[in-house]
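A.B. asks: Sharing a structure below in structure tokens format, with a few things to ask.
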Amino acid sequence: MAVNEAAYKGIVDALAPAGVTLVAVSKIKPAADIQALYDLGQRDFGENYVQEVMEKQAVLPADVRWHFIGHLQSNKVKYIAPFVHLIHGIDSEKLLAEVNKQAKKNNRVIDCLLQVHIAREETKFGLDATELDALLQKVVTEQAQWANIRICGLMGMASFSEDNEQVRSEFAFIHGLFKQHQPVTAPNCTLSTLSMGMSGDYKMAIEEGSTMVRIGSLLFGRRDYQK
């Protein structure tokens, strides 16, 4: 089997008591590997590339919940709007507006997470604390204009670092923002999901308040990007 069944069951058993959702990151992996994990009971899968997730969605079971976890370009939203379950990386008002527009065309309400920039690397995307506050206020106060999206929480990617204290502090920072904005509720905004933590740091992320982790290599093995 291409997936690590023992690792999967161990992770699921560890996450269950804390009520943490596992998103299996299946980018670059074939549909057969996803099907194998699906057969073990997994339903939430994370993809980074629009063309790839479209191809997989067409051939895999209809009840797979597809999470788009990569950097999403506004001009590609229309391709995933008919079926995407949750978009993790909303990093601008422009992108959120396009998701709202395409969701309306598809007669859907699309769940979204606002991505907060917490890492030191400049290559990471995301809103800063001021931009986050402004966008949340706009969505809540102008509900009629944002009727086809629902802000469900926040997402963050910590620095790629062996400095655990730095990573922990970044997780703690976004958790603080999450708790700060949780009282802001509206039909199109209820912060219940905090997506942070990947294969190398998910245990620490859960300790710092994560409710959703994105794990790939522990389940599928290393990725070969040369294929």
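A.B. asks: Sort out which residues of region 12-38 are part of a helix (DSSP H, G or I) and open to solvent by 10 Å² or more (accessible area, probe 1.4 Å), and write them in order of number.
C.D. replies: Passing the criteria: Val12, Asp13, Ala14, Ala16, Pro17, Ala18, Ala31, Ala32, Asp33, Gln35, Ala36, Tyr38.
A.B. asks: Just wondering, is there one or more residues in region 187-194 that are assigned to a loop (DSSP other than H, G, I, E, B) and either touching a helix residue (DSSP H, G or I) at 6+ places or on another chain (Cβ under 8 Å) or closer than 20 Å to Val12 by Cβ (or both)? Don't jump to the end; show me each part of the working.
C.D. replies: Of region 187-194, the ones assigned to a loop (DSSP other than H, G, I, E, B) are 187-188.
Narrowing further to those that are either touching a helix residue (DSSP H, G or I) at 6+ places or on another chain (Cβ under 8 Å) or closer than 20 Å to Val12 by Cβ (or both): 187-188.
Scanning region 187-194 turns up at least one residue that is assigned to a loop (DSSP other than H, G, I, E, B) and either touching a helix residue (DSSP H, G or I) at 6+ places or on another chain (Cβ under 8 Å) or closer than 20 Å to Val12 by Cβ (or both).
A.B. asks: Next question. Against the condition β-branched (Val, Ile, Thr), more than 15 Å from the chain's Cα centre (by Cα), assigned to a helix (DSSP H, G or I) and modelled with pLDDT of 95 or more, how does Val167 come out, does it pass?
C.D. replies: Considered against the rule, which asks whether it is β-branched (Val, Ile, Thr), more than 15 Å from the chain's Cα centre (by Cα), assigned to a helix (DSSP H, G or I) and modelled with pLDDT of 95 or more, Val167 comes out as no.
Yes or no, residue by residue, for (1) touching a residue at least 40 places away in the same chain (Cβ under 8 Å); (2) of a type in the set (Gly, Ala, Ser):
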site: Gln143; (1), (2): yes, no
site: Ala147; (1), (2): yes, yes
site: Val167; (1), (2): no, no
site: Gln182; (1), (2): no, no
site: Cys189; (1), (2): yes, no
site: Gly197; (1), (2): no, yes
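A.B. asks: Oh, and also: Restricting attention to region 175-186, and to residues there that are at pLDDT below 95 and either hydrophobic (A, V, I, L, M, F, W, C) or part of a helix (DSSP H, G or I) (or both), which single residue is most open to solvent (accessible area, probe 1.4 Å)?
C.D. replies: Among those that are at pLDDT below 95 and either hydrophobic (A, V, I, L, M, F, W, C) or part of a helix (DSSP H, G or I) (or both), it is Val184.
A.B. asks: I'm trying to understand the selection: among the residues of region 144-159, which are under 22 Å from His67 (Cα atoms) and either open to solvent by 10 Å² or more (accessible area, probe 1.4 Å) or part of a loop (DSSP other than H, G, I, E, B) (or both)?
C.D. replies: Step one: filter region 144-159 for residues under 22 Å from His67 (Cα atoms), giving 146-159.
Once the filter is applied, which keeps residues that are under 22 Å from His67 (Cα atoms) and either open to solvent by 10 Å² or more (accessible area, probe 1.4 Å) or part of a loop (DSSP other than H, G, I, E, B) (or both), region 144-159 yields Trp146, Ala147, Asn148, Arg150, Cys152, Met157, Ala158, Ser159.
So that you can scan it fast, the table gives a plain yes or no per residue for (1) at pLDDT below 95; (2) of a type outside the set (Phe, Trp, Tyr); (3) open to solvent by 10 Å² or more (accessible area, probe 1.4 Å):
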| position | (1), (2), (3) |
| --- | --- |
| Gln51 | no, yes, yes |
| Ile69 | no, yes, yes |
| Lys76 | no, yes, yes |
| Tyr79 | no, no, yes |
| Phe83 | no, no, yes |
| Ile90 | no, yes, no |
| Leu95 | no, yes, no |
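A.B. asks: Would region 116-139 turn up any residue that is part of a strand (DSSP E or B), of a type in the set (Val, Ile, Thr), buried (at least 22 other Cβ atoms within 10 Å of the Cβ) and under 19 Å from the mean Cα position of the chain (by Cα)? If you could, list the steps in order and put the result at the bottom.
C.D. replies: We begin by selecting, within region 116-139, every residue part of a strand (DSSP E or B); these are 116, 127.
Among the residues that remain, those that are also of a type in the set (Val, Ile, Thr) are: 116.
Filter once more, so that each one left must be buried (at least 22 other Cβ atoms within 10 Å of the Cβ): 116.
When the remaining residues are screened for being under 19 Å from the mean Cα position of the chain (by Cα), the result is 116.
Yes - at least one qualifying residue is present in region 116-139.
A.B. asks: With Leu113, Leu127, Leu96 as the choices, which residue is in contact with a Gly (Cβ under 8 Å, 6 or more places away or on another chain) and either of a type in the set (Asp, Glu) or within 24 Å of Asn75 (Cβ to Cβ) (or both)? Full working, then the answer.
C.D. replies: Working: Leu127 fails: in contact with a Gly (Cβ under 8 Å, 6 or more places away or on another chain); Leu96 fails: in contact with a Gly (Cβ under 8 Å, 6 or more places away or on another chain).
Of the residues listed, the single one that is in contact with a Gly (Cβ under 8 Å, 6 or more places away or on another chain) and either of a type in the set (Asp, Glu) or within 24 Å of Asn75 (Cβ to Cβ) (or both) is Leu113.
A.B. asks: Regarding Val3, is this residue open to solvent by less than 20 Å² (accessible area, probe 1.4 Å) and at pLDDT below 95?
C.D. replies: Considered against the rule, which asks whether it is open to solvent by less than 20 Å² (accessible area, probe 1.4 Å) and at pLDDT below 95, Val3 comes out as yes.
The values are calculated or read from the model by the stated rules, or taken from the named source; none is laboratory data. The structure presented is a predicted model; accordingly, all values stated were derived computationally and were not measured. For neighbour counting, all protein chains shown are included, and Cβ atoms are generated from backbone atoms with ideal geometry for every residue, glycine included. With ligands, DNA and RNA removed, areas are computed over all heavy atoms of the protein, side chains included. Shrake-Rupley method; radii C 1.70, N 1.55, O 1.52, S 1.80 Å.
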